[in-house]
Structure formats: structure tokens, C-alpha cells
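> For reference, the structure I am asking about is given below.
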Amino acid sequence: MKNDIHDLGLVLDSKVKLVVIESWEERRVLETIGSLAIKRALSWYTWNQVDGLSRLGFGADVDPGQKTCDPEVALEQIRRDAAPGLYVFCDLHPFLDSSRLVRQLKALAMETGEQAPTIILVSHALNLPAELSRLAARFSLRMPSDDQLAAIVREEAALWSQQNQGRRVRTDNRTLEQVVRNLRGTTQAEARRLARNLIVDDGAITQEDLPALNQAKFELLDMQGVLSFEQDTARFADVGGLGRFKQWLADRQVAFTQSGALKDVPKGVMLVGVQGSGKSLAAKAVAGLWGLPLLRLDFAALYNKYIGETEKNLREALQMADAMEPCVLWIDEIEKGIAPDSADQGVSRRLLGSLLTWMAERQTRVFLVATSNDVSQLPPELIRKGRLDEMFFVDLPDLAVRGDIFRIHLARRELLPEQFDLPALAAASEGFSGAEIEQAVVTAVYAGAARQQPVGNEHVLEALGQTSPLSVVMAERLHALREWARERAVMAG
């Protein structure tokens, strides 16, 4: 709090008479203002719609005859008295559509005398009218540091221990470090509540608690809409093949997940390739491997019929991703959101500009994983080195990888892979993508259930024989894609 008091004091020293503080921690804001008022021997008043204008600390009492629950009455009394001091208005934002109230605030904000009152507006979100925005200063409380977050977790663990006959909370250093990382971007009160929820059910903080923590933080930050939180981040073992991509990620895990380990932090990758080849699964698996939350950005949900709203939605989504750091941001089929369209009045180009600016300037640890099926639609400025670390081409699986994919999908459906002739199935699925192999297994399960037979090799072979893979249907396009990637991308497998 000492730093917040000092910083707010600097704002007041600038002689600005209208200060805006956006925060979910109203109590902490009031404590900070109160501490500053006591330190400087300033009179201090607060206002809210229920209690009206109230004196706290030094200063003259408020006239009880005035109905100061009405904000215009309260502001008029402040203007008439013109007494120095701090006047804190909590949740004034619903009244800012009143032209008279705005004029009252403007008159107070334009006062330049040493004895003029200072108005502080406190709310969770506050958009000032244009005539006030240039007269106001904005102030934000500092977010808790890693050391403070760790101290909060330890305090909650000690409290739980006191309430449970001295039993110690079970955890390990690696998990505790991950919890602290994932608490970044929350306020002190929010971090305390999240830490308490981790401990209270079983007296332990384990790796199994991390997905629930990430989900709770996501809901707390109100990111629903264009951003979605992916609960099921696939285990990396569930991705067949992609050996080079796996190794590339393993080499960079420490640099990304451990703050300050290296100066250069990995920024992201582009995965291009055939539909159904496992690009989306690989994107999920990055978060699973690094133990990070996975956010999915849906470009379709960004679009709004009002001019400028689409770009605003993208900026807000990227700010939300920054608040979730460290995390993985997944943009699936990115070309569909930024490919130029003569009918969109330049929206796609403006979206691309906003995305490129964020990619170039962000200081947060948000690892971007973008996937694309049509590289011809990708603008060169998006895929150049510096904005993304590497581009990987995900091709159709080879013979050995197809065997692994069959093993994974058979096991997922509680079928014993050793009871199947995996080499024969892999050979029969030449040209099939991972998604097509999975669908063949699903079809075989349906066929076995319909015939009341245990699923066997013959059912899978029959399903394969009934499928025309994409590599046959779109052979020319696949050939062109491979030729394009040969000199431009790193093979993921």
C-alpha cells in the first residue's frame, strides 16, 4: 500500500482536480485514499447513492438537511462550499449521462486554486464523456507482485492449518510456483479467494488443482464471448508424430514458463497443413505440455455490425489474454478472420493491423499458436520472423505415426490395441489424416455395436475402405501446399 499512497500523492501534486480510479477493490482504494488523507492532514469525504455525502477523518460535517444521495445535490454543495479536501464518489458511472452533472464535474475540474476541492471517481469501470476526459487523471492500484502472491498463498495455508488442528497444507515447490504464475493479473482480494478455494476442500495444492484455478480466474476476469477457456488441454503424448515440433517446444519450455530465465521469451508459432492433420490438437497440447491455461480466440465472434466495434472486440480480447499471462492463445484457421474481403469495408485489414501491433509490442508472456489451412490467404507481414518464432508444416502422418494414431484412438474407446493388427491398419490407411483415422475407428465401433459383435480388425478395414481421404479428393491442392511448404516452413514431423 505504501507504493500506492506515494503514487496517488504524485497525482494530487500535479494539481489535477478530477481523478479516476477504476478498480474492483473499492475497500482497498478507500484505505489508500484514507491513508494519504491522514498523512497529509486533508479533509476527506465519500459519496455513494445509498449514504450520500459523508465526512471521514478531518473536515466539517455535512449539512444533514441536504439530500446528498442525489449526486447533483452533492456536487452542488461541494461547489458552493469550495472547501479544500478529497471528495470520493463511489459508483457515479450510472449518472454520467446527465448533462447537468457532467457540467458540474467540469466546473470543479477546471478550478485551479490551491484551495479547490479534488474529486476522485471510483468504480469498477468508468468511461468519461469527451468533455471531461482531458481534464482528468487516471490512477490504478498496483497489482500484487509474485512475492506478494506467494505470501498470500502461505497466509491462507497457515490459516487453514490453524483451523484444522495444525495439519499442514500439502504441496511442492513446482506446483506452488505455477499457482503464483497463474494468479498474476488478479487483485489481492481475488488472489486470496482463489488461493483459499484451492486449499479448503482437501488441504492440498496439487497439479490437479491448476485447471480449476485457471477456469476460476478466467471467469473472474469476465472473458466470455470472443475468448473461450479450453478445459481439455490434450496431453502431449496424445499427439501422434510431430517429433520436431515437440522437441522445439521442449527446448523453449524453461525460457517461457520461468520468468526471468532468459531475456528473449518465445512468442509463438504458425501451424499450416492439411485439414485434419492434428494442428488443433497440437495447439491444445502446447498448453498441456507447459502446464498453462489455453485460451481460444474465435474470429467469427469478433464481428459486429457497428463501425469500429469489431476492432475494439479484438483489442479487448487481446488485453484479456494479457491479463491471463502466462498462457497460450490459440487462433484456429486464422486466415478466415484476416483474409481481405471486398465486402467487409476494410474490417479484415484493420483487424490484421491491431493483431500485428499487439504481436510486435506485447510485453506479456502470451504464447500465440495460430493454425491455417490455406497459406495463400496469409499476409506476409503476419508470418515474418520476429512476430512469430517459427512456421511448421503439419503433413499427413507416415506409416509409423498412423500406427500410433490407431493405438491412441482405440485405447480412448476402451479397445485393446494389442488385439488389432496395427501394421496392417497403418498400411491400409495410406493418405489418411489423423482425423480420418479417428473417424474410421468411430465408424468401426458403430458397426460392431449394430451387428452386436466385438470390434475387430475387419470392422476398421471396412470403414477405411468406405472412406475417400482428403488426400485423394483434393490431391492437386495438397501437392501445391507441400511444394509451398518445402522451402518456407519447418516440417513438424
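All of the numbers you see were taken from the coordinates with simple rules; none came from a lab. If you're wondering where the values come from, they're calculated on a predicted model, not measured in any experiment. As a convention, Cβ positions derive from the backbone with ideal geometry for all residues, glycine included, and neighbour counts pool all protein chains shown.
> Residue farthest toward the positive end of the dipole of region 399-473, with Cβ of Lys/Arg at +1 and Asp/Glu at -1: which of Pro469, Phe420, Val441?
So the residue we want is Val441.
> Cut-off is 10 Å between beta-carbons; in what order do Cys90, Cys327 appear when sorted fewest neighbours first?
Values: Cys90 19, Cys327 27.
Least to most surrounded, the residues fall as Cys90, Cys327.
> Just the Cα atoms of the chain, one point each, no solvent: what log10 I(q)/I(0) does Debye give at q = 0.07, 0.08, 0.09 Å⁻¹?
Per q value, in the given order, log10 I(q)/I(0) is -0.54, -0.67, -0.80.
> Further question on the same structure: As a test of understanding, state the convex hull volume per residue of region 399-473 from its alpha carbons, in Å³.
On the way: hull volume 5.6 nm³, N = 75.
Taking the convex hull of the Cα positions in region 399-473, it is 75 Å³ per residue.
> For region 2-139, what proportion of DSSP beta bridges, expressed in % and rounded to the nearest 5, is antiparallel?
On the way: 6 of 24 bridges.
Among the beta bridges of region 2-139, antiparallel pairing accounts for roughly 25 percent.
> Let me ask something additional. In debye, nearest 20: dipole of region 2-139 around its Cα centre with unit charges on the Cβ of K, R (+) and D, E (-)?
Numbers: 16 positive and 19 negative charges, 63 e Å.
That gives a dipole near 300 debye.
> Can you work out the base-10 log of I(q)/I(0) for region 157-196 at q = 0.32 1/Å, using the Debye formula on its C-alpha atoms alone?
For region 157-196 at q = 0.32 Å⁻¹, log10 I(q)/I(0) is -1.03.
> On a 31 Å Cα-Cα criterion, which of the cross-link pairs Lys17/Lys217; Lys284/Lys312; Lys217/Lys263; Lys267/Lys336 come out too long? Don't skip to the end; give the middle numbers.
Details: Lys17/Lys217 35 Å; Lys284/Lys312 26 Å; Lys217/Lys263 27 Å; Lys267/Lys336 22 Å.
Pairs exceeding the cut-off: Lys17/Lys217.
> About its Cα centre, how strong a charge dipole does the chain have in debye, to the nearest 20, once Lys and Arg get +1 and Asp and Glu get -1 at the Cβ?
Values: 57 positive and 67 negative charges, 227 e Å.
That gives the chain a dipole magnitude of about 1100 debye.
> Equivalent ellipsoid semi-axes for region 236-394, as square roots of 5 times the alpha carbon gyration tensor eigenvalues: give them largest first, rounded to whole Å. Please report the intermediate quantities before stating the final value.
On the way: eigenvalues 132, 68, 36 Å².
Taking √(5λ) for each eigenvalue gives 26, 18, 13 Å, largest first.
> With unit charges on the beta carbon (Lys/Arg positive, Asp/Glu negative), name the residue among Ile331, Ala116, Val179 whose Cα is farthest towards the positive pole of the charge dipole of the chain.
Of Ile331, Ala116, Val179, it is Ala116.
> Which value in Å is the Kirkwood Rh of region 2-139 over different Cα pairs? Write out the running numbers ahead of the final one.
Values: mean 1/r = 0.0673 Å⁻¹.
Result for region 2-139 stands at 14.9 Å.
> Compute the Kirkwood hydrodynamic radius of region 105-161, taking the inverse of the mean of 1/r over all pairs of distinct Cα atoms, and give it in Å to one decimal. Present the calculation step by step, with values, prior to reporting the outcome.
Details: mean 1/r = 0.0662 Å⁻¹.
Result for region 105-161 stands at 15.1 Å.
> Determine the distance separating the Cα centre of region 379-433 from the Cα centre of region 243-283; give it in Å without decimals.
17
> OK, next. Hey, got the dipole for region 236-394? About the Cα centre, +1 on K and R Cβ, -1 on D and E Cβ, debye to the nearest 20?
Details: 19 positive and 19 negative charges, 62 e Å.
Using only the charged Cβ atoms, the result is roughly 300 debye.
> Based only on other Cβ atoms within 10 Å, what is the fewest-to-most ordering of Met270, Met110?
Details: Met270 24, Met110 11.
Listing Met270, Met110 from fewest to most nearby Cβ atoms yields Met110, Met270.
> Please figure out what share of the DSSP beta bridges in the chain is antiparallel and state it in percent, rounded to the nearest 5. Kindly include the intermediate steps, with their values, before the conclusion.
Working: 10 of 51 bridges.
Counting DSSP beta bridges with both partners in the chain, the antiparallel share is about 20 percent.
> Among 36-44, 93-101, what's the highest-first ranking by average C-beta atoms within 10 angstrom per residue? Walk me through the numbers on the way to the answer.
Details: 36-44: 16.1, 93-101: 13.8.
The most tightly packed comes first, giving 36-44, 93-101.
> Could you please tell me the mean projected area of the C-alpha convex hull for region 146-220, averaged over all directions and given in square nanometres to one decimal?
Details: hull surface 17.6 nm².
For region 146-220, the mean projected area of the Cα convex hull comes to 4.4 nm².
> Name the residue farthest towards the positive end of the dipole of the chain from the options Leu295, Gln452, Met359, assuming +1 on Cβ of Lys and Arg, -1 on Cβ of Asp and Glu, about the Cα centre.
Going by the Cα projections, it comes out as Met359.
> For Ala480, what charge total do you get from the other residues with a beta carbon under 14 Å from its beta carbon, if Lys and Arg give +1 and Asp and Glu give -1? It would help to have the intermediate numbers written out before the result.
Details: positive: Arg477, Arg482, Arg486, Arg488; negative: Asp374, Asp395, Glu476, Glu483, Glu487.
Result for the neighbourhood of Ala480: -1.
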